[in-house]
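A short reminder: the numbers here are calculations on the coordinates, not readings from a lab. No experiment lies behind these values; they were computed from the predicted model shown. Counting neighbours? That spans all protein chains shown, and the Cβs are built from the backbone with ideal geometry, glycine included.
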Amino acid sequence: MDQLSPISAQGSKASRTMSTLNNSIETLKIAKDMIPLELGKGVLSAFEGILTLVRDTIKNKEDFSEIITQCHRLSFIIWRATSETPAHEISDSTKRALVDLEGSVDGIRDSLTFQANRGIGSRVFHVAIDREQIAAWTRDMDRYLLLFNTELHIMTNLKIDEISKVLHNARFAEKKTVPEPIPAIPAIFFGRDEIVREVAKALTSGTHVALIGPGGMGKSCISRAVLHDRAISNKYSDNRYFIRYDDMNPSHVTLSTFLDRIARALDIKSSRVNQLSVLSNFLTSQNVLLVFDNAEVFLDAATDAGRIAETLDGFAALPGVDIMLTTRTKALPANLICKRISVPPLDENSAQAAFSAVYQASLPSQVITKLLGSLDFHPLSINLLAQAASQNEWSLEKLVESWEQQKACLLEIGQGKVQSLAVTIKLSLNSPSLQLLGSSTLHFLQIAAFLPQGVDERKLEDLFPGISDITTVVSKLAKQSLVYYSGNFITMLAPIRLYISGQYNAITGAILPLKHIRTYYRERLSKTTDVTEFIEKNTVILDEGILSEDLNVEHLVNHDLVSSQNKLKSLSFCLAYLKNLRKARHPRPTALRTAILSISNSDLEQIHFLNFHLNN
């Protein structure tokens, strides 16, 4: 057997083809991780996409046997051509050959994706590809094999034994991966033990649960505590998953982005075409608990709310799958039979304990009870008030005075019945420690609320060049619990985000730092894709700094497409982002289709090269 051909199993022709496809896809994943050149990774990602589509959506898989072998051979060749040479020393002829090959295989992948999507639209989940078309693709791939053989002289210098050994060892080496841990129980957590027990009892008996209540009531905290309950841990073991949607906007959620978030939480790799079936197969293999946090985001999705509800109903009907939602909305999917639990305010004693855990001064119980009662014993409001009092070292008298002043101010400007959360946020913003920083605090909060992932801590000085003490601003805001650190990002709880967005970001022109931030990301992306060169050569340079905050950049791109007067410039921004996302190791669907299609036909004619992205 040719040592550069994929390994096939014994058995029927169909089973051998499926085995060969699986072997080749696995080899491509290994080789892709070992290639240092991003252009080479992009080619192998396209190979992997082609073979995955063939495996999961094509009826006549056997007709692709030659293409499977070609993808396998070319992956070896590209690995050998680039693995031992620094990127800057790789010859221009090799790069040109890779660029040409990438354009060709991208075309094959796009054509297969189109055919598969058209089949799904017609409720045909496996389609057949015309043999003449397959033959044309095969001839095209043969041409590239010949090019690499004769012009680059790679095959003659190929150390077959070395390649086989390296990839064999890499493929079958023990994989020691550490899954993303479930979130910890909050440090300050009082008065919710009974609800945790009620939820755990329902879930372990096979009943789905929805925790319903206003923002800031502690629904997410309760769900995190449930994940650590002993009965829950015993039943679901490592199959407990916390899937958060607080960094997404309902107007940007589609069925694809909904499923993609689940797949990432479960660490499942699949093509967009077969994602639902892969998820369903995984979920039916064991007892699984799915916790959907901030479910109102996808339940109120602007585009695919009905399809998402049907999908959620489908997951809930799978044997062994239990679901918990936290949501502000009472409108749940019609067929989702679940136990609805309304999350109440804290009781008096628990409210006092939560306040005293942060503000540790000795205070008369009756005075604190009255003050917390005026907050309606709302958990997040209590925490914000305690943090403001602690950070500003307020006495009891000053604390009560500040609260009464802020409450009276909101009533005075016509806000009607005062909501405790609004009062405590305003009280925090007007506290001395934040007022000393001037308008910088509000400017940062506006951006942190605008960007779904929050602000990347590593880019603070680049994003806020006009604020000399930006790290101090962030530190002060974090100490008062208006923002918090999540990995490399500085973000905020959903109720605070909603308040800042509604109060200060309703008109985006009022977000003063936004213009600079949009320019910053535009310039970064412009360095990765030259539009003219892209049209001619289909080339792109990956920017890992952009990919690490892809949701933020997508939100900026979407905003730019909708609001900018210069549509061509906005579409170039969009193009650079989509190409970076597509070349990523794990590309994902976007929610940009509506914004792109809202642009006039004359604009689209100017930038016809975007057409292949309209299936996002």
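Going from the residue with the fewest nearby Cβ atoms within 10 Å to the one with the most, ILE90, ILE129 rank ILE90, ILE129.
Straightening the chain between ASN566 and GLU404 buys 53.5 nm, computed as 0.36 nm per residue apart minus the Cα-Cα spacing. Under 15 Å from a label point set 7 Å out along the Cα-to-Cβ vector of LYS515, the amide N atoms of region 437-465 belong to 465.
Approximating the spin labels as points 7 Å out from Cα along Cα→Cβ, the THR369-to-ASN335 distance works out to 5.1 nm.
A cut-off of 5 Å between modelled amide H atoms, ignoring neighbours fewer than 5 places along the same chain, links ARG340 with ALA210. Taking R0 as 56 Å, what FRET efficiency do you get between ASP300 and ARG96 from their Cβ-Cβ distance, rounded to the nearest 0.05? Here the calculated transfer efficiency is 0.70. Karplus-derived 3J(HN,Hα) values for region 191-203, using 6.51 cos²θ - 1.76 cosθ + 1.60 with θ = phi - 60°, are x, 10, 4, 5, 5, 4, 5, 5, 5, 4, 5, 5, 5 Hz; glycine and proline are entered as x. The phi torsions of region 480-490, fed into the Karplus equation with coefficients 6.51, -1.76 and 1.60 and a -60° offset, translate into couplings of 9, 6, 7, 9, 8, 8, 10, x, 8, 10, 10 Hz, rounded to whole numbers, with Gly and Pro shown as x. Close amide H partners of TYR484, meaning residues 5 or more places away or on another chain with modelled amide H under 5 Å apart, are THR491, MET492.
By definition, a body whose alpha carbon gyration tensor gives a ≥ b ≥ c is oblate when a/c is 1.5 or more and a/b is not larger than b/c, and region 193-342 fits this oblate description.
Quick one: length gained pulling ASP130 to ARG593 fully straight, 0.36 nm per residue minus the C-alpha distance?
Stretched fully, the ASP130-ARG593 segment lengthens by 163.8 nm.
Each other residue within a Cβ distance under 12 Å of SER19 adds +1 if Lys or Arg and -1 if Asp or Glu, for a net charge of +3. Here GLU457 and SER205 are evaluated by their C-beta separation; at R0 = 41 Å the FRET efficiency comes out at 0.45. Among the listed pairs LYS330/LYS567; LYS339/LYS479; LYS219/LYS459; LYS32/LYS567; LYS527/LYS567, a Cα-Cα separation exceeding 28 Å is found for LYS330/LYS567; LYS339/LYS479; LYS219/LYS459; LYS32/LYS567.
Counting 0.36 nm for each residue step from ILE507 to THR284 and taking away their Cα separation leaves a gain of 75.7 nm. Annotation: amide H of ILE58 within the under-5 Å range of VAL127, sequence separation 5 or more or interchain, hydrogens built in the peptide plane.
Relative protection proxy for 181-189, 70-78, 391-399, 223-231, from highest mean packing down: 70-78, 223-231, 391-399, 181-189 (other beta-carbon atoms within 10 angstrom).
Net charge near ALA231, counting Lys/Arg +1 and Asp/Glu -1 over other residues with Cβ under 10 Å of its Cβ? Net local charge, ALA231 excluded: +3. Label zone (GLU310, point 7 Å along Cα-to-C-beta; backbone nitrogen cut-off 14 Å) within region 326-342: 334-335. Can you figure out the FRET efficiency of GLU393 with SER439, using R₀ = 30 Å and their beta-carbon distance, to the nearest 0.05? About 0.80, to the nearest 0.05. Karplus-derived 3J(HN,Hα) values for region 235-247, using 6.51 cos²θ - 1.76 cosθ + 1.60 with θ = phi - 60°, are 6, 9, 6, 7, 9, 10, 10, 10, 10, 9, 10, 5, 9 Hz; glycine and proline are entered as x. Each of GLU404, GLU48 was scored by other Cβ atoms within 10 Å of its Cβ. Arranged with the fewest first, they read GLU404, GLU48. Distance between the 7 Å Cα→Cβ label points at GLU198 and ALA14: 5.2 nm. Taking a Cβ cut-off of under 15 Å around LEU437, the surrounding Lys, Arg, Asp and Glu residues balance to a net charge of +1, with basic ones at +1 and acidic ones at -1.
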